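Here the structure is laid out as structure tokens; the discussion comes afterwards.
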Amino acid sequence: MNVQETMRSILQAEAQAIQDIPVSDAYEKAVDLIIDHVHRRGGKLVTSGMGKAGQIAMNIATTFSSTGTPAVNLHPSEAQHGDLGVLQPNDLLLLISNSGKTREIVDLVTLARNLYPQLPIIVITGNPESPLADCADVTLATGGSPEVCPLGLTPTTSTTVMTVIGDILVVNVMKLTGFTAADYAKRHHGGYLGHKSRQQQ
């Protein structure tokens, strides 16, 4: 296949993977947990993942923060060297692992719950039967579509669907909390988006 043919194949595969994300009431539960702990109890959302999933976790945290839901990203390895202290009693965790077996993330569950046993955990994973999913209060399954990487190894399709799941959570929390363009402008002063949000007030 040439580049354009490969491109069409990848677009089709990743679009299908998004369509195959299981739709379930787990999303209502996840959104309710985020609103309860962050917007009612004054906690924050703490995201975490390792490697490429960690980059998606960071993106989800920054998107939540810019849309009115305070969130931080916690590197799972740094958590073992003191950064676990960022956790507070009313927080909740959003953990991402395609395999659901990532050692650093599974260890983070133990560490976090040793600190705060009642800390709620939302998990995004391609393996809903995994050890990580077993620890979760809410599991959001990605559907487990194969990676478009020709080796079947590099996180490609999996990170696409993780990002979409993050967007689903963000948009629903925005709607239910009544987040407005004026609210956005207060958090995003600079750049084109800051200018655009101020024009919409």
Checklist outcome for this item: Reported set for the stretch 114-138 where residues are open to solvent by 40 Å² or more (accessible area, probe 1.4 Å) and among the hydroxyl-bearing types (S, T, Y) is Y116
Checklist entry - Could you count how many residues in the stretch 144-161 are without any contact (Cβ under 8 Å) to a residue 60 or more places away in the chain and among the small types (G, A, S)? => result 2
Next on the checklist: Which of the helices (runs of 4 or more DSSP H) found entirely inside the stretch 147-201 contain at least 3 residues meeting this: modelled with pLDDT of 90 or more and within 21 Å of the chain's Cα centre (by Cα)?
Outcome noted: 157-177
Checklist outcome for this item: The one condition L140 fails out of (1) within 16 Å of L169 (Cα to Cα); (2) touching a Gly at 6+ places or on another chain (Cβ under 9 Å) is (2)
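The values are calculated or read from the model by the stated rules, or taken from the named source; none is laboratory data. What you are looking at is a predicted structure, and each value in this text was computed from that prediction instead of being measured. Positions of Cβ are generated from backbone atoms using ideal geometry, with glycine treated the same way; all protein chains shown enter the neighbour counts. Please note that ligands, DNA and RNA were not included when accessible areas were found on the heavy atoms of the full protein model with its side chains. Shrake-Rupley method; radii C 1.70, N 1.55, O 1.52, S 1.80 Å.
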